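Chemist: So that we are looking at the same thing, I have put the structure below in structure tokens.
The values are calculated or read from the model by the stated rules, or taken from the named source; none is laboratory data. None of these values were measured; they are calculated from a predicted model. Cβ coordinates were reconstructed from backbone atoms using ideal geometry, including for glycine residues, and neighbour counts include every protein chain displayed. Ligands, DNA and RNA are excluded from the accessible area calculation, which covers all protein heavy atoms including side chains. Shrake-Rupley method; radii C 1.70, N 1.55, O 1.52, S 1.80 Å.
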Amino acid sequence: HLQNSHIPTASPGPAQTCRSIALGLSRSPATPGTKIGLVQIAVSPNNNVVNIYEKKGKDWHKIHELTEHSGRITGTVSTPEEDCISLENLLSTGVDWAPVSNRIVTCASDRNAYVWTLKDGVWKPTLVLVRINRAATCVKWSPLENKFALGSGARLISVCYFEKENDWWLSKHIKKSIRSTVLSLDWHPNNILLAAGSADLHCRIFSTYIKEIEDKPGPTAWGTKMPFGELLLEHKDCGGWVHSVSFSPSGDQLAWVAHNSSLTVVDAAQGKEVTQLTTDLLPLLSVLYVNSTDIVAAGHDCCPYLFTYTGPHTLECVKKLDIPKQTSKGSLSAMQHFRNLDKKATEEDNNELETLHQNSIMQLCVVSGEKAKVEKYSSVGLDGAMVIWNFKRSSSRAWSSLAFFFGLNLQRLPMLGLPCSAHTARSGKLHTSQLCANHIYWCHVSRIAMTFDYSHA
């Protein structure tokens, strides 16, 4: 059940490793909202260019090239709709494709953001006045696509909207209590509330109500008064960088994953009760609600895991969602047998993991179905692979997952400067990396593997 497709691009060097990927379902302008299929993909190969490819048969052909940024595109993020998929190869995200309005927003290290609109077969950019003095790190369209939020290293969030009178994109800043780089964003279903995870180990929820473009919002479980910039939740000391945040389908719960390998859910319907589960996994980098009670999270363990939350203090890890690879073992010589024992602390001569992904999973996003009942979701990793997963749950608490592998052949090399991945650690290579607040160093010499956690030193 594996489907492969390849993009005919030149093999990039270390400085051109694919950094940003955004996938979308195309539609006819005359029939908006009609899904044709997964036929377009936007790729930024670790530079300031976004290439858009179209799938014809089994091959991909480049049809557009977006070349307005002067700085490196920082990554991507997905929309909450099933009509558009986005992928990322970084911890931060910087491309988003709006499925209904068919607009692309990009941000980069040049501190600029552009909204791209397709006119007469050509993508035309419009500069957004984001007013930041540090690199942009993440961006995401709101559910109604009338505004978008942009995080940056300037310790603020820019909420951008279109002003028809002057025909330009303006921004308003949210600065309250943010003390470090904003790493992740997610919108509440009401199009007003915005969750943000940052490198100051905090997770927050803000109001983004803009009276010029939307009606006054009604009360929610998070609060009743919602002027622009109002802080409705601030959870301190999440245990590490907050890599990803995700609202539940109802918007009454918020889940996030931090670099201390924890998954946390705060429940506004239960008086903002906080439930945290610290796992024995490697750090999780992405989290996604697939229905009202089930959560899928993935990260440096190279495979997705299923969690369930049914109420306060009932958060648990259910199972590993992956299909082990079937590998055939060949005969080894006695010399090779002892070499493997000495160098890799194993008798096997195969460095491949048993998981479909061979490196850290950076992002999960919805492919098919609504957020209240996700039928398919995708994962993308630093190995350059995208996997489509079927998700089904029966009344007897049985889950099934069938993976369709799309080998996009973009670049299967780890990103420079990224944290140590599970692949690097398990392959027996000497690798040292400093990771956010929890300083973890991987040492693999001969048959000794050690992990040092300095978070409480």
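Chemist: Filtering region 318-348 down to residues that are at pLDDT below 70 and more than 27 Å from Val387 (Cβ to Cβ), which residue is surrounded by the fewest Cβ atoms within 10 Å (Cβ to Cβ)?
Modeler: The selected residue is Ser331.
Chemist: Is there a residue in region 367-380 that is in contact with a Ser or Thr (Cβ under 9 Å, 6 or more places away or on another chain), part of a loop (DSSP other than H, G, I, E, B) and at pLDDT 75 or above?
Modeler: Yes, the conditions are met somewhere in region 367-380.
Chemist: State all residues of region 197-215 that are within 17 Å of Pro143 (Cα to Cα) and among the hydrophobic types (A, V, I, L, M, F, W, C); if no residue qualifies, say none.
Modeler: Of everything in region 197-215, those that are within 17 Å of Pro143 (Cα to Cα) and among the hydrophobic types (A, V, I, L, M, F, W, C) turn out to be Ile205, Phe206, Ile210, Ile213.
Yes/no matrix, rows are residues, columns are (1) modelled with pLDDT under 95; (2) over 25 Å from Asp200 (Cβ atoms):
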residue	(1), (2)
Val245	no, no
Asp252	no, yes
Val257	no, no
Val265	no, no
Gln270	yes, yes
Val290	yes, yes
Val296	no, yes
Asp301	yes, yes
Thr310	yes, yes
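Chemist: Mind listing whichever residues of region 198-236 are within 16 Å of Ser248 (Cα to Cα), in contact (Cβ under 8 Å) with a residue 40 or more places away in the chain and not hydrophobic (A, V, I, L, M, F, W, C)?
Modeler: Thr220
Chemist: Okay, moving on. Of the residues Ala149, Ala135, only one is among the small types (Gly, Ala, Ser) and either open to solvent by 20 Å² or more (accessible area, probe 1.4 Å) or under 25 Å from Glu65 (Cβ atoms) (or both); which? Steps first, please.
Modeler: Numbers: Ala149 fails: either open to solvent by 20 Å² or more (accessible area, probe 1.4 Å) or under 25 Å from Glu65 (Cβ atoms) (or both).
The conditions single out Ala135.
Chemist: Look at region 260-276 and say how many of its residues are surrounded by fewer than 18 Cβ atoms within 10 Å (Cβ to Cβ) and in a strand (DSSP E or B). Before you say what the answer is, go through the steps one by one.
Modeler: Within region 260-276, the subset surrounded by fewer than 18 Cβ atoms within 10 Å (Cβ to Cβ) is 269-274, 276.
After this cut, where a residue has to be in a strand (DSSP E or B) as well, the list is 273-274, 276.
Count: 3.
Chemist: Limited to region 148-183, what total is found for residues that are assigned to a strand (DSSP E or B), over 19 Å from Arg204 (Cα atoms) and among the charged types (D, E, K, R)?
Modeler: Total satisfying the criteria: 1.
Chemist: In region 116-143, which residues are part of a loop (DSSP other than H, G, I, E, B) and either without any contact (Cβ under 8 Å) to a residue 60 or more places away in the chain or under 12 Å from Leu185 (Cα atoms) (or both)? Step through it out loud before you land on a result.
Modeler: First, the residues of region 116-143 that are part of a loop (DSSP other than H, G, I, E, B): 120-121, 129-135, 142-143.
Of everything in region 116-143, those that are part of a loop (DSSP other than H, G, I, E, B) and either without any contact (Cβ under 8 Å) to a residue 60 or more places away in the chain or under 12 Å from Leu185 (Cα atoms) (or both) turn out to be Asp120, Gly121, Leu129, Val130, Arg131, Ile132, Asn133, Arg134, Ser142.
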